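Notes for the one structure printed next.
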Amino acid sequence: MQGLMMNYPLTLNHILERAGKFYPGGEIVSRLSDRSLHRYTYADFYRRARALAEALQRAGLQRGDRVGTLMWNHYAHLEAYFGIPAAGGVVHTLNLRLGAPDLAYIVNHAQDRFLIVDDTLLPLYEKIRHAVRFERVFVVSLAGCALGQGCESYEQFLEQAQGDFHYPDLGENEAAAMCYTSGTTGSPKGILYSHRGLFLHSMMGALPDQMAYTQRDVMMPIVPMFHVNAWGMPFGAVLVGCKVVFPGPHMDAESILELLENERVTVTAGVPTIWFKVVEALESHPGRWKLAPDIRVLVGGAAPPETLIRKMDQYGLRLIQGWGLTESAPLATMSTLKAHMQGMAEDDRYRIRAKAGVAAPLVDLRAVNENGEVPWDGETMGEVQLRGPWIASSYYQLPEEKDKWTEDGWFRTGDVGTLDAEGYLKITDRTKDLIKSGGEWISSVDVENAIVAHPEVREAAVIAVPHPRWQERPFALVVLKDGAKVTPEDLRGFLEARFARWQLPDAIVFVDQLPHTTTGKLLKRELRQQYQDWKW
């Protein structure tokens, strides 16, 4: 027997219409390249997003056409997030930190038809212009730069709309957005997000045990809008109608703290490297910034060490760890404490908060090794696998990439983790980053987080280096804080209380900096290549 509920497609258009109807006075603030602030309302955003949709339709956009965006976090990018899908197109956020060859490959593989680009990023566009085939290129004037050859004004393009826009009759499973993986293992791979998946993902973020977005919040997505939909925060903000603050290209600690203070931000998000720098700034300038109390800070991209969570708490920045991937839109787990955990000892609460958390509603999660699903004992490791309404079922135009999905339809993440008795996931490593020494597994993440707990250490990376006797041994590269005086023996002594001797790094090398991906993750592949011939 079928239920008697209406067939009501879950599309982003409903979110856009709700914002325009109920929250027209809400504020959207963007810091521009010259550090000035652009302010307008949800009413302005609503009108301009619909104008973009109408102008694209008049330009010949067909259902499913991809429109690339090469933009920082700001108001016009938010217009693209909603205006392009409203017209029936697919907003394809392009990673502006990629090199020209990768960027051109992604544009061509996705077959992007149009491009919207910041004028400050036109030099990057020029590097790929002759290698791609955009039909039209629209330039957002943020700094008053010249348009460039063959480009058109974004503002003049919006003026072509006559105000008679009508939404196409979209199905909820049609594509709305697109993002490519970072390409750290092979060529970048495209993920097509459906309207339904993004709608449900946005609702998840508003749940109390997730990020609890409300209309009373002030949200600042520091995570780039070109990276996995800025973790879904722009969609969530418009869903609830809260004030939004976009930092633009200014990602240094002082710029972030200035916006947190002046705009009274209550919820934000970014990778751990951002928050290490913010904490250092707060420590270096005590009392300089007066932040709103109990700011919720979503952290993902890499496992934050417990020491970072403790330090941020001291400044009223409540770190909430989330975990996921481009293929999961991205959030798969969230680490919030259950009710009975509130009375636990402080150290136990921090230990749990340092885990990736429990599976989000509607996400199924399991960890599997050669013996099948691992028990929830907090010790047995297995590859984490996912399924759910916003989890990718395949890659775009890559039918040969079938090994990433199991025969029974689960996505194989490539991350290795354990599950404790409460269902909290702890990511112990990537499958390719685990260290197998003398037949025993060593988690590089655990050793890295322990090293970073040393008060004189800024950052650390632990990799596997081939060893003639033990197959592999852990090798640590460490970045010290300015002026720090620490020896390898000091660090080994610091680690001995937490690890067995065979788990300790055999070599500790101090470096000025570590390589990162465009989204802030440690680039261990490069480090393994650099040190693969290390002489023990």
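The values are calculated or read from the model by the stated rules, or taken from the named source; none is laboratory data. Remember, predicted model here, so these are calculated numbers, not experimental data. Note that we place each Cβ from the backbone using ideal geometry, even for glycine, and neighbour counts take in every protein chain shown.
So, LEU32, is that one within 18 Å of CYS242 (Cβ to Cβ) and buried (at least 18 other Cβ atoms within 10 Å of the Cβ) or not?
No: the conditions fail for LEU32.
Of the conditions (1) closer than 18 Å to LEU198 by Cβ; (2) among the charged types (D, E, K, R); (3) crowded, with 21+ Cβ neighbours inside 10 Å, ARG18 satisfies every one except a single condition; which number is it?
Tallying (1) closer than 18 Å to LEU198 by Cβ; (2) among the charged types (D, E, K, R); (3) crowded, with 21+ Cβ neighbours inside 10 Å, ARG18 fails exactly one: (3).
State all residues of region 291-316 that are touching a residue at least 60 places away in the same chain (Cβ under 8 Å) and among the small types (Gly, Ala, Ser); if no residue qualifies, say none.
Result: ALA292, GLY300, GLY301, ALA302, ALA303.
Just a yes or no: is a residue in region 392-408 out of contact with any His (no Cβ under 6 Å at 6 or more places or on another chain), assigned to a strand (DSSP E or B) and either modelled with pLDDT of 95 or more or surrounded by 16 or more Cβ atoms within 10 Å (Cβ to Cβ) (or both)? Even if it seems obvious, please write down each step before you answer.
From region 392-408, those out of contact with any His (no Cβ under 6 Å at 6 or more places or on another chain) are 392-408; that's our starting set.
Narrowing further to those that are assigned to a strand (DSSP E or B): 405.
Add one more test, that the residue is either modelled with pLDDT of 95 or more or surrounded by 16 or more Cβ atoms within 10 Å (Cβ to Cβ) (or both), and what stays is 405.
Checked against the condition, which is being out of contact with any His (no Cβ under 6 Å at 6 or more places or on another chain), assigned to a strand (DSSP E or B) and either modelled with pLDDT of 95 or more or surrounded by 16 or more Cβ atoms within 10 Å (Cβ to Cβ) (or both), region 392-408 yields at least one hit.
Looking only at region 295-310, which residues are surrounded by fewer than 20 Cβ atoms within 10 Å (Cβ to Cβ) and farther than 26 Å from VAL462 by Cα?
ARG296 - this is the single residue of region 295-310 that is surrounded by fewer than 20 Cβ atoms within 10 Å (Cβ to Cβ) and farther than 26 Å from VAL462 by Cα.
Keeping to region 311-362, report how many residues are farther than 23 Å from HIS454 by Cα and either over 22 Å from the mean Cα position of the chain (by Cα) or not acidic (Asp, Glu) (or both).
Count: 28.
When you go through ARG412, ARG430, ARG366 one by one, which is the residue that is farther than 30 Å from GLN529 by Cβ, of a type in the set (Lys, Arg) and surrounded by 13 or more Cβ atoms within 10 Å (Cβ to Cβ)?
Just a single option satisfies the conditions, and that option is ARG366.
Checking GLN156 against (1) over 19 Å from GLY89 (Cβ atoms); (2) touching a Phe, Trp or Tyr at 6+ places or on another chain (Cβ under 7 Å); (3) without any contact (Cβ under 8 Å) to a residue 40 or more places away in the chain, only one condition comes out false. Which one?
(2)
Give all pairs with beta carbons closer than 7 Å in which a residue from region 335-352 that is over 14 Å from PRO305 (Cα atoms) meets a residue that is outside any helix (DSSP H, G or I); count only pairs at least 6 apart in sequence or on separate chains.
Every condition considered, the pairs that remain are THR336/ASP209; THR336/ILE320; THR336/GLY357; LYS338/GLU422.
Restricting attention to region 3-42, which residues are free of Cβ contacts under 8 Å to residues at least 24 places away in the same chain and of a type in the set (S, T, N, Q)?
Result: ASN7, SER36, THR41.
Go through region 53-89 and report how many residues are more than 30 Å from LEU523 (Cα to Cα) and surrounded by 24 or more Cβ atoms within 10 Å (Cβ to Cβ).
Residues flagged as more than 30 Å from LEU523 (Cα to Cα) and surrounded by 24 or more Cβ atoms within 10 Å (Cβ to Cβ) within region 53-89 amount to 12.
Quick one: ALA281 ticks every box in (1) under 27 Å from ASP118 (Cα atoms); (2) surrounded by fewer than 24 Cβ atoms within 10 Å (Cβ to Cβ) except a single one, so which number is it?
(1)
Between a first residue in region 86-104 that is under 20 Å from ALA329 (Cβ atoms) and a second residue that is outside any strand (DSSP E or B) and among the aliphatic types (A, V, I, L, M), which pairs have beta carbons less than 6 Å apart while being 6 or more apart in sequence or on different chains?
These pairs meet every condition: ALA86/ALA53; GLY89/LEU61; VAL91/ALA80; VAL91/ILE84; HIS92/ALA110.
For region 271-291, give me the residue count where each residue is among the small types (Gly, Ala, Ser) and in a helix (DSSP H, G or I). Break it down stepwise before answering.
Quick first cut of region 271-291, residues among the small types (Gly, Ala, Ser) only: 281, 284, 287.
Pick out the ones that are also in a helix (DSSP H, G or I) and you get 281, 284.
Residues flagged as among the small types (Gly, Ala, Ser) and in a helix (DSSP H, G or I) within region 271-291 amount to 2.
Just to be sure, is ASP313 farther than 19 Å from ILE274 by Cα and either of a type in the set (D, E, K, R) or loosely packed, with under 15 Cβ neighbours inside 10 Å (or both)?
no
I'd like to know if region 317-338 contains one or more residues that are in a loop (DSSP other than H, G, I, E, B), small (Gly, Ala, Ser) and surrounded by fewer than 22 Cβ atoms within 10 Å (Cβ to Cβ). Spell out the reasoning first.
The initial filter retains those residues of region 317-338 that are in a loop (DSSP other than H, G, I, E, B), namely 325, 329-330, 335-338.
Imposing the further condition that a residue be small (Gly, Ala, Ser) reduces the set to 329, 335.
Cutting the leftovers down to surrounded by fewer than 22 Cβ atoms within 10 Å (Cβ to Cβ) gives us none.
No - not one qualifying residue is present in region 317-338.
Against the conditions (1) crowded, with 23+ Cβ neighbours inside 10 Å; (2) within 24 Å of GLY25 (Cα to Cα); (3) among the small types (Gly, Ala, Ser), where does ALA292 fall short? Just the number, please.
Of everything listed in (1) crowded, with 23+ Cβ neighbours inside 10 Å; (2) within 24 Å of GLY25 (Cα to Cα); (3) among the small types (Gly, Ala, Ser), ALA292 misses just condition (1).
Filter region 433-450 down to residues that are part of a strand (DSSP E or B) and in contact (Cβ under 8 Å) with a residue 60 or more places away in the chain and give me whichever is surrounded by the most Cβ atoms within 10 Å (Cβ to Cβ). Before you say what the answer is, go through the steps one by one.
Here is the first cut: in region 433-450, the ones part of a strand (DSSP E or B) are 435-437, 440-442.
In the following step, the residues that additionally are in contact (Cβ under 8 Å) with a residue 60 or more places away in the chain were identified as 437, 440-442.
Values: SER437: 18, GLU440: 12, TRP441: 13, ILE442: 24.
Looking at residues that are part of a strand (DSSP E or B) and in contact (Cβ under 8 Å) with a residue 60 or more places away in the chain, I get ILE442.
Which one of these does LEU147 not meet: (1) closer than 16 Å to THR69 by Cβ; (2) not in a helix (DSSP H, G or I)?
Of the numbered conditions (1) closer than 16 Å to THR69 by Cβ; (2) not in a helix (DSSP H, G or I), the odd one out for LEU147 is (1).
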